[in-house]
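Throughout, read-outs are computed from the coordinates displayed, never taken from laboratory work. If you're wondering where the values come from, they're calculated on a predicted model, not measured in any experiment. Don't worry about glycine lacking a Cβ; one is built from the backbone with ideal geometry, like all the others, and counts go over all protein chains shown.
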Amino acid sequence: MVDRDGRVVSRLRRPTPHRDRGSGEVLAAILATVDELTAAAPGNAGVNGVGLVVTGIVDERRGLAVHSENVGWRDVPVRALVERATGLPVGFGHDVRAGTLAEWRLGAGRGLEDLVFVAIGTGVSAGIVIQGRLVSGGGDAGEIGHVDLGHGEPCTCGGHGCVEAVASAAAITRRYAAASGRPVSDAREVAERMAAGDPAAQRVWADATAALALALAWTSVVLAPQAILLGGGLARSGRLLFEPIHQALGRHLGVVRQPRLVPATLQDEAGVLGAALLAWEALGRTP
């Protein structure tokens, strides 16, 4: 629950039901969460609207989850379904674009006219602000994780060679286990082993940072952002992530302006705050 000043009043975390349990179960979990937070509203504050953001290809204008692989949604009119069930206005959007909105208005991108926010976690995706406007491209803008680098590894999208197939946190964890025969809990553990001199971790990490740097170089040449904000779980690796990407960008860009690489500041709250901003916009109010 977020007030008009962007302050988180109360929070509730629920795991997303697995896609094998059916798309309806995800919707049910969303509605149960709304009900529980509404019941816990302090005093007579009440709830004015709902902000909801989802993964995948999202058409904000029509309120559709066009292709949300993680929850098994295809062309689901999520906004209308939630509005009908709750009786409240719903601000609806893409999780990374919502995170971009929050970082731009409330976080590390405040005051910038041109920026790219890149979330590196289970996948790799970007949000884009150009000349003071958030770009959606009908739902397809920012999917930099699904450009073919030519390495040939299969991706969850069904393609091969994607940035995400080597550079996401999930890919780093999976590739290290395959290369070393030693499973790890997450990508940060791979980063720690890389820093300690583990050769397998160093190879996997080098592949990931090289892929990210190339994707960010393409993005920089086309969009010329003032800054690139790196967020998501992998960004918590700090200099282990930022330094090799910065150096590679310098080699790739040459005479083209190199954007500043900036750590995103809102971390796990970015998507939550972005969803809240969308809800306030749906109510015709801008925090």
Item to check | Charge dipole (the chain, unit charges on Cβ, about Cα centre) - positive-most of GLY150, GLN258, VAL26 | outcome: GLN258
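Which length gain, in nm to one decimal place, applies between ARG133 and GLN202 when the Cα-Cα distance is subtracted from 0.36 nm times their residue separation? Could you put the intermediate results ahead of the total?
On the way: separation 69, 0.36 × 69 = 24.84 nm, distance 3.86 nm.
Here the segment from ARG133 to GLN202 would lengthen by 21.0 nm.
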Next on the checklist: Kirkwood hydrodynamic radius, region 128-209, all distinct C-alpha pairs: what's the number in Å?
Outcome noted: 13.9
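Find the all-direction average of the projected area of the Cα convex hull for the chain, expressing the result in square nanometres with one decimal place.
Working: hull surface 61.2 nm².
That works out to 15.3 nm².
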Checklist entry - Relative to the longest principal axis of the chain, what angle (0 to 90°, nearest 10) does the C-alpha long axis of helix 269-282 take? => result 40
Item to check | Ranked by how many other beta carbons lie within 10 Å on average, peptides 179-186, 273-280 from highest | outcome: 273-280, 179-186
Checklist outcome for this item: Karplus-derived 3J(HN,Hα) from phi for region 87-94 (6.51 cos²θ - 1.76 cosθ + 1.60, θ = phi - 60°), whole Hz, x at Gly and Pro, runs x, 10, x, 10, x, 10, x, 8
Checklist outcome for this item: Using alpha carbon centers only, region 238-287 is separated from region 139-186 by a whole-angstrom value of 21
Checklist entry - For helix 95-106, what angle does its Cα long axis make with the longest principal axis of the chain, in degrees from 0 to 90 and rounded to 10? => result 80
Checklist outcome for this item: Between the Cα axis of helix 239-253 and the main Cα principal axis of the chain, the angle (0 to 90°, nearest 10) is 70
Checklist entry - Over all Cα pairs of region 112-263, how is the pair count split among 10 Å bins, expressed in % and running from 0 up to the last occupied bin? => result 12, 42, 35, 10, 1
Checklist entry - When ranked by the protection proxy of mean other Cβ atoms within 10 Å per residue, highest first, what sequence do the peptides 23-35, 68-80 form? => result 68-80, 23-35
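Mind ranking 12-18, 140-146 by how tightly packed they are, going by the mean number of other C-beta atoms within 10 angstrom, highest first? Provide the component values of the computation, followed by the final result.
Working: 12-18: 11.0, 140-146: 20.0.
Order by mean packing, descending: 140-146, 12-18.
Two-decimal Rg/Rh of region 207-270 from alpha-carbon positions, Kirkwood Rh?
Details: Rg = 11.5 Å, Rh = 12.0 Å.
Taking Rh as the inverse mean 1/r over Cα pairs, Rg/Rh reads 0.96.
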Next on the checklist: Could you identify which residue out of ALA264, ALA102, ALA200 has the top mean-square fluctuation in a GNM of the chain using Cα springs shorter than 10 Å?
Outcome noted: ALA200
